[in-house]
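As structure tokens, the structure follows; a few thoughts come after it.
Values in this text are rule-based calculations from the coordinates and carry no lab data. Since this is a predicted model, take the numbers as computed values, not measurements. All Cβ positions, glycine included, derive from the backbone under ideal geometry; neighbour counts span all protein chains shown.
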Amino acid sequence: MCHCLMNRRSMLKLSGAGTLLLGGCDNVDLVSDETVEAMGLEAWADIRQATPVATDAAMQATLNNVSAQLLSAVGEAPGDWEVLVFRGNEINAFALPGRKIGVYEGMFQVVANADQLAVIVGHEIGHLQAEHSQERMNAQLAQGWGMRALSLILRLGEVEYAAEIAAALGAGVEYGLVLPYSRRQELEADRLGLLAMAEAGFRPDEAVKLWRRMDQAIGNRAPEFLATHPAPTSRIAAIEAMLPEFR
Ligand SMILES: [Zn+2]
């Protein structure tokens with residue numbers, strides 16, 4: 001059922017920035033894949049400019065291996081992806097449209113092994129698989145954010161709105177602009193992550209241990225990851241219920 005006032009969607013073609021549909025319905029993709037990818041690449045470029053890359057080669061190698069196995073499991077070519085460990089104690093990780101994965105050094109203080117890192121990376125890839133960035137952008141447009149989003153897209157070539165773009169894509173905690181994923185999106189990402197883990201040969205059971213460790217870790221410090229993701233305790237029971245199908 002369409003609830004929008006405009007029956008005919010006006011289409012705006014923007015050179016170099018994909019296509020934006022204005023005045024559409026909730027169940028219509030308002031933002032094209034190309035636009036979401038362009039925004040992801042813009043956000044990544046901005047984060048790269050603002051944040052030094054970690055110098056720990058072993059840490060980077062671990063992330064490379066885990067990411068490559070998970071990406072192969074979901075039918076992606078790992079060589080097409082850019083995967084980086086960023087310097088900083090933030091307990092945070094993200095995957096952006098445009099084939100980018102970032103994990104902060106702080107996350108490595110929480111994960112106990114490669115399987116637990118796979119829980120985090122698999123979850124973030126799951127958000128991309130399910131096109132949650134796109135859902136988020138669509139929802140914002142549907143909520144009357146349309147002109148602002150249009151302005152963002154028109155200015156995509158400038159860094160002025162990079163923070164807002166990053167926020168919309170889920171990396172917003174970098175800029176203090178936070179848009180949490182919904183519980184449905186979180187569970188969907190958890191499920192896709194566990195599926196990729198199982199197919200890649202990781203141990204999905206490590207997910208429960210990882211989220212318990214995360215719950216303990218956030219007792220002492222600012223939980224950046226949790227600004228865009230719900231509390232670990234809220235997902236442990238749901239993950240335990242999912243696990244039998246992945247064993
Ligand atoms: Zn999430």
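Miscellaneous remarks
- Label-point separation, ASN65 to ARG48 (7 Å along Cα→Cβ), nm: 2.6
- Zone residues, the stretch 92-121, relative to ASP33, backbone N less than 12 Å from point 7 Å out along Cα-to-Cβ: 98
- Modelled FRET efficiency - R0 25 Å, ALA58 with LEU243, Cβ distances, 0.05 increments: 0.25
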